[in-house]
Amino acid sequence: MRKKTKILIAVPVHSYIECATIKSIYDLEIPKNVEADFDYSLGYTVGIARNNLTQTSLSGNYDYTLWVDGDVVLPKDYLVRMLKIMKDKKDAGLVTGYYIKKTLEDKITELYGFTADGKDVQNIKESVLPKEGIYEIQGCGLGVSLVDNKALKHIKDKYGLAFEYIIRTNDLISEDLDFCNKLKAEGYKLYADVSAKVPHIGKLIYS
C-alpha cells in the first residue's frame with residue numbers, strides 16, 4: 001500500500017484566526033493520497049509560534065508544512081496546486097501563491113525580488129507581475145506557503161532556529177524573510193504561482 005503524504009496545516013496566531021480563514025481550511029480539497037492535520041500556536045510572537053509549529057511538524061513526521069496566516073482565505077484547490085508545483089520543481093524548498101500587503105498604496109505583494117542594483121530584495125508590486133505562470137522569487141511572506149519538511153529540518157538543524165527576527169542598521173528582517181534567506185543560502189529555490197492570488201482580510205479585504 002502506498003504511504004500517504006502527511007501535511008500539517010500550521011497557523012501561527014498572534015491574537016485570533018478569522019472565521020473565513022478557518023472555513024477556507026476546512027473546505028480545502030485534500031487529495032486521496034494525502035493526510036492533512038491542523039494545528040496552531042497562540043499567544044506568542046509570530047517567530048516563536050512558527051518555531052513551535054516547526055517542532056510539531058517535524059516531530060510528527062510530516063512531509064510538508066502548509067503555513068497559513070490567520071487572516072487569509074485559501075481557494076478550495078490551493079493545496080492541490082501547491083503540491084503539484086512542489087512535485088514539478090525538484091529543487092524547491094518552498095512554493096507559494098501570493099497576497100497583497102495591508103496598505104492603500106499601489107498594490108504591493110508579499111513576494112520579494114531583487115532591487116535594481118541586485119544587492120538586496122524588496123516587495124514586488126502587483127502591477128509588474130505576469131498574469132500567470134510559476135516564477136522563482138527571492139523571498140515571500142509565509143502566509144500561504146507550502147514548505148518541504150526536508151528543507152525545514154535542514155534549516156532547523158543547521159541554524160538552531162528556523163525563524164528569527166534579524167535587526168540590521170536601518171531595518172528589521174522579519175522571521176519569514178529570514179527563513180527564505182536561509183533556504184536560499186542552503187541551495188533551495190523558492191517559487192510563486194502568480195495566478196494563485198489569495199484574499200488578505202483587514203478592515204478592508206486587500207485583493
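The values are calculated or read from the model by the stated rules, or taken from the named source; none is laboratory data. Here the structure is a predicted model, which means the values were calculated and not measured. Note that each Cβ is placed from the backbone with ideal geometry, even for glycine, and that neighbours are counted across all protein chains shown. These accessible areas exclude ligands, DNA and RNA; they are computed on the full protein's heavy atoms, side chains included. Shrake-Rupley method; radii C 1.70, N 1.55, O 1.52, S 1.80 Å.
Listing for the model above:
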read-out: Positions within segment 155-207 being of a type in the set (Phe, Trp, Tyr), over 19 Å from GLY47 (Cβ atoms) and modelled with pLDDT under 95, in sequence order; value: TYR206
read-out: Unmet criterion (only one of (1) buried (at least 20 other Cβ atoms within 10 Å of the Cβ); (2) in a loop (DSSP other than H, G, I, E, B); (3) out of contact with any helix residue (DSSP H, G or I) (no Cβ under 7 Å at 6 or more places or on another chain)) for THR96; value: (2)
read-out: Count - residues of segment 78-87 that are open to solvent by 60 Å² or more (accessible area, probe 1.4 Å) and either touching a residue at least 40 places away in the same chain (Cβ under 8 Å) or assigned to a loop (DSSP other than H, G, I, E, B) (or both); value: 1
read-out: From GLY160, GLY143, residue being open to solvent by less than 60 Å² (accessible area, probe 1.4 Å) and closer than 24 Å to SER24 by Cβ; value: GLY143
read-out: Counted residues, segment 49-69 - those being of a type in the set (A, V, I, L, M, F, W, C) and either farther than 26 Å from TYR165 by Cβ or in contact (Cβ under 8 Å) with a residue 60 or more places away in the chain (or both); value: 4
read-out: Options TYR40, TYR64, TYR44; residue that is buried (at least 19 other Cβ atoms within 10 Å of the Cβ) and among the aromatic types (Phe, Trp, Tyr); value: TYR64
read-out: Inter-residue pairs, beta-carbon under 6 Å, first crowded, with 17+ Cβ neighbours inside 10 Å and in segment 165-188, second at pLDDT below 75 and small (Gly, Ala, Ser), 6+ apart; value: none
read-out: Residue within segment 98-118 that is at pLDDT 95 or above and on the phi > 0 side of the Ramachandran plot present; value: no
